[in-house]
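A.B. asks: Have a look at this one.
Derivation of every value follows stated rules applied to the coordinates shown; laboratory data play no part. For clarity, every value in this text was computed on a predicted model and none was experimentally measured. So basically every Cβ, Gly included, is an ideal-geometry build from the backbone, and we count neighbours across all protein chains shown.
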Amino acid sequence: MPRGLRIAVAAAAAAGNTRAAGLLAQTEDPPTSIKAAAETAALAANTEVVTYVETEASAEMASTSGRSRLGPNDFELLRIVGQGAFGKVFQVRKRDTGEIFAMKVMRKDRILERDHKDYVRAERDVLTSVVHPYIVTLRYSFQTPKKLYLVLDFINGGHLFFQLYRQGTFDEALARLYTAEIVLAIAHLHSLGFVHRDLKPENVLLDSEGHVRITDFGLAKGNVSDAEHERTNSFIGTMEYMAPEVITGRGHGKAVDWWSVGILLYEMLNGMPPFRAKGRAQLQKLITGAKFKLPSYLSSEVQSLVKGLLQKEPAKRLGYGPSGSADVMGHAFFKQIDWRKLEARQILSPFRPEVRSIESIDNFDKIWTDLPPTDSPCATPRDSSLQDHMFENFTYCAESFLMVAARSEEGSGAAGGLLMKTIAE
């Protein structure tokens, strides 16, 4: 163990904080000086461990091994499957169970440089609040002094964008199914007060059975509605999918997600979004003021839905207001959809991606998968970030389902299903 890391572990242990010492022992970026070691110990000492959703295999392993926390060394890096503004997304194997996950690694220094700590916190808040068949599931999250880690289900059918690029367009039946699954996911998010704000084909994954999973909640926001006093004014999102009210800065609510659903549906049927321009200013002008055309061969029901979702005035947009989700689900385009069966994943998809195994990466772009899977070193965040505890309460780890079941059988009153509980250490 490097000298700086030994100092940090010893300092944490001397302070009686065995949890901090354990976390420090797993760091992949050991401190190189006594000052850095002290800062590292201070950060680890303020890390909370909270339970979340765990797979059966990992839960059983945890119950037999006594494991109460995870760190980077518990996962083997297999391949890079994506990259974002703050770091990389890896395909990883959990060493004790052999399970395959996706691990999103974010650099704290980059997050703080861009003042995006609130967005990172919001992403964690959404993922720890939501369990839904069409939203990617968070299994664990943890941190080291320099990085944040989100461990999620590995969805190996690739991005919707990848499949759309391969096929060119989807027929109405497939577009209906995918849109309906996205509608269910967005309706669930909205019921919890969250808005995604960055719906686009790159943020919609397909699983091995051909069903969608919404991912990347880095721009999501909570406590938002269409009411004027609960709107937000951030200029945020991806321009081609951005609602007019975001561009004009009039304040926006949940209706921005329904605009993006309309853009996605249009793109699935036409192979490209309705508003396109070479320059940013021209694109903004088109989104806020131009009309769009729909091919005549499309059914009247889907044309009606797209037009309803792409109303430039939010109050006139399908999906606006307290009953917005129900209004969208009640549209004639979805008359063939049994929503209860769909939510239970009892409707088969007419399309299944080519997936050879759970580790298959055939549906991911080689621009990422051909890169060496290395978790690169990075700078330590500035001292004030440690003092301010900007990433406090980020760390999560699932409690064993077997322990929950045992408590329930003993009459402890623990409810079945998915539980979230703080571990007191």
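A.B. asks: What list do you get for K221, K285 if you sort them by fewest beta carbons within 10 Å?
C.D. replies: Listed from fewest to most nearby Cβ atoms, that is K285, K221.
A.B. asks: Starting at the first residue of segment 210-223, write each ³J(HN,Hα) from the Karplus equation 6.51 cos²θ - 1.76 cosθ + 1.60 with θ = phi - 60°, in whole Hz, x for Gly and Pro.
C.D. replies: x, 10, 7, 9, 6, 9, 6, 9, x, 10, 5, 9, x, 6
A.B. asks: Additional query: If the only charges are +1 at each Lys and Arg Cβ and -1 at each Asp and Glu Cβ, what is the size of the charge dipole of segment 112-261 around the Cα centre, to the nearest 20 debye?
C.D. replies: Values: 16 positive and 20 negative charges, 93 e Å.
With only Lys, Arg, Asp and Glu charged at Cβ, the dipole is about 440 debye.
A.B. asks: Mind checking which lysines have their C-alpha under 28 Å from K312, skipping anything on the same chain fewer than 8 residues away?
C.D. replies: Partners within reach: K200, K221, K254, K278, K285, K291, K293, K335.
A.B. asks: Within 10 Å of each residue's Cβ, count the other Cβ atoms and sort T128, T144, T179 from fewest upward.
C.D. replies: Ascending number of Cβ neighbours within 10 Å: T128, T144, T179.
A.B. asks: A follow-up question, please. Determine the dipole magnitude for segment 160-343: charges of +1 sit on the beta-carbon of Lys and Arg, -1 on that of Asp and Glu, nothing else is charged, the reference point is the Cα centre, and the result goes in debye to the nearest 20.
C.D. replies: 660
A.B. asks: Explain nothing, just the number: dipole magnitude of segment 281-375 about its Cα centre with +1 on each Lys and Arg Cβ and -1 on each Asp and Glu Cβ, in debye rounded to the nearest 20.
C.D. replies: 660
A.B. asks: Under Stokes-Einstein, with the Kirkwood radius over Cα pairs standing in for Rh, what whole-number D in µm²/s applies to segment 160-343 at 37 °C and 0.692 mPa s?
C.D. replies: Rounded, D is 200 µm²/s.
A.B. asks: Taking neighbour counts of Cβ atoms within 10 Å as a proxy for exposure, in what order, fewest first, do R317, R93 appear?
C.D. replies: Starting with the residue having the fewest Cβ neighbours, the order is R93, R317.
A.B. asks: Please name whichever of Y241, A281, F334 sits farthest to the positive end of the charge dipole of segment 160-343, dipole taken about the Cα centre and charges placed at Cβ: Lys and Arg +1, Asp and Glu -1.
C.D. replies: Toward the positive end, the furthest listed residue is A281.
A.B. asks: One quarter of the convex hull surface, Cα atoms only: what value does that give for segment 116-233 in nm²?
C.D. replies: 8.7
A.B. asks: Now, a different point. What distance in nm separates the two pseudo spin-label positions at E209 and D171, each 7 Å out from Cα along the beta-carbon direction?
C.D. replies: Taking the simple label geometry, E209 and D171 are separated by 2.2 nm.
A.B. asks: Between K285 and T248, what is the spin-label point distance in nm, taking each point 7 Å from the Cα along the Cα→C-beta axis?
C.D. replies: My value for the distance between the label points is 1.7 nm.
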